[in-house]
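S.K.: What follows is a single structure, and I will ask about it in a moment.
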Amino acid sequence: MSDAKNSSPTNPIIPHLWFDKEAKEAAEFYCTVFPDSKITSAATLRDTPSGDSDLVSFTVWGHPFMAISAGPYFKINPSISFIVNFDPSREGNARELLDEAWSKLSKDGTALMPLDKYPFSERYGWIQDKYGVSWQLMLTNPDGEPRPAIIPSMMFVGENYNKAEDAREFYLSVFRNAKPGSLFRYGPGHEPDREEAVMFTDFMLENTWFAAMDSAYEHHFNFNEAVSLLVNCETQEDIDYYWEKLSAVPEAEQCGWLKDKYGVSWQISPAAMDEMMTKGTPEQIDRVTQAFLKMKKFNLAELQKAFQGE
């Protein structure tokens with residue numbers, strides 16, 4: 001298996017958002033909120049267990065995202081949010097861009113932490129938008145090591161509390177192209193959080209920066225399928241490797257989806273599938289869809305046969 005790890009892809013890991021019916025609408029909305037954002041492709045998956053499902057690929061400030069409209073089965077919550085770094089060294093009008101984004105996201109949204117000055121940032125706010133997606137808007141200190149504009153952030157709560165550091169080390173061990181960033185503990189005086197718990201850490205997996213934190217407060221949510229992380233794999237060997245390393249909940253395995261030991265949902269998908277679903281004819285897309293609906297772990301050769309009509 002070590003060979004598969006050494007040959008694993010360096011494609012970014014793509015956040016995937018599950019909506020009831022609003023995938024296209026939400027993607028279009030985010031393209032109006034953030035700079036350098038656009039819809040890159042859209043397809044309809046027909047005759048799925050959820051009926052016809054819209055699948056949309058888009059970028060938010062240059063960071064790839066995917067969204068699907070697949071029924072009211074999972075509800076997006078703040079356990080995975082998106083830090084947005086407004087860096088004055090990168091954008092001269094960073095503060096104005098932040099305030100404008102906050103204003104748009106606030107419409108019919110809910111502030112989880114008000115837009116204000118905090119010890120860690122001159123201007124910061126945490127907002128859950130009208131579609132349920134949570135964004136942490138932060139005026140970044142330009143003196144520090146630069147970070148990308150968008151960073152998916154995991155919050156470890158409830159039975160996962162105090163596991164942020166463990167999760168970070170686990171993910172760093174699984175992904176080949178990986179490196180640790182910073183790590184800050186709560187220390188004394190932050191009750192109910194424990195001193196040794198993680199206030200903030202970040203790390204890079206496959207060209208994608210992630211953040212993580214522990215929170216001892218009572219949160220009525222945890223990781224679920226509504227926000228998953230999609231890993232594009234070039235080969236069946238890569239698919240097999242990530243599936244074996246990450247899957248910890250056998251009953252959650254379905255259509256390329258799995259859950260890890262913390263409850264985070266991942267999609268282990270062949271990179272070729274993106275091209276099949278965006279450039280195929282409606283008949284080819286339908287054949288591939290019907291083929292993958294029968295699978296747990298994806299079989300790349302079988303998907304290619306379905307695409308070619310063999």
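The values are calculated or read from the model by the stated rules, or taken from the named source; none is laboratory data. Owing to the predicted nature of the structure, the values given are computational and were not obtained by experimental measurement. Ideal geometry is used to build each Cβ from the backbone, glycine not excepted, and the neighbour counts take in all protein chains shown. For accessibility, only protein heavy atoms count, side chains too; no ligands or nucleic acids. Shrake-Rupley method; radii C 1.70, N 1.55, O 1.52, S 1.80 Å.
S.K.: Return only the number of the condition from (1) under 25 Å from PHE74 (Cβ atoms); (2) at pLDDT below 95; (3) assigned by the TED database to the domain that holds ALA272 that SER228 does not satisfy.
M.R.: (2)
S.K.: Filter region 260-281 down to residues that are of a type in the set (Val, Ile, Thr) and more than 17 Å from the chain's Cα centre (by Cα) and give me whichever is surrounded by the most Cβ atoms within 10 Å (Cβ to Cβ).
M.R.: The residue in question is THR278.
S.K.: Those residues that are among the acidic types (Asp, Glu) and within 19 Å of THR281 (Cα to Cα), I need them from region 29-48; list them, please.
M.R.: If the condition is that a residue be among the acidic types (Asp, Glu) and within 19 Å of THR281 (Cα to Cα), then ASP47 is the only one that fits.
S.K.: Oh, and also: Identify, from the list GLU206, GLU191, GLU145, GLU234, the residue that is at pLDDT below 95, more than 18 Å from LYS261 (Cα to Cα), outside the structural domain of SER89 (by the TED database) and not hydroxyl-bearing (Ser, Thr, Tyr).
M.R.: Answer to the check: GLU234.
S.K.: Return yes when ARG176 is basic (Lys, Arg), surrounded by 19 or more Cβ atoms within 10 Å (Cβ to Cβ) and in contact (Cβ under 8 Å) with a residue 12 or more places away in the chain and no when it is not.
M.R.: no
S.K.: Next up: Which pairs do you get when a residue that is farther than 25 Å from ILE151 by Cβ, found in region 217-245, comes within reach of a residue that is in a helix (DSSP H, G or I) and hydroxyl-bearing (Ser, Thr, Tyr), reach meaning Cβ atoms under 6 angstrom, with the pair 6+ apart or on two chains?
M.R.: Pairs found: none.
S.K.: Out of (1) farther than 27 Å from LYS163 by Cα; (2) of a type in the set (Phe, Trp, Tyr); (3) open to solvent by less than 30 Å² (accessible area, probe 1.4 Å); (4) in the same structural domain as PHE210 (by the TED database), what's the single condition that is false for PHE58?
M.R.: (4)
S.K.: Within region 37-48, track down each residue that is at pLDDT below 95 and not hydroxyl-bearing (Ser, Thr, Tyr).
M.R.: ALA42, ALA43, LEU45, ARG46, ASP47
S.K.: Which members of region 222-253 meet the condition of being assigned to a helix (DSSP H, G or I) and either surrounded by 19 or more Cβ atoms within 10 Å (Cβ to Cβ) or of a type in the set (Lys, Arg) (or both)?
M.R.: Within region 222-253, ASP238, ILE239, TYR241, TYR242, TRP243, LYS245, LEU246 qualify.
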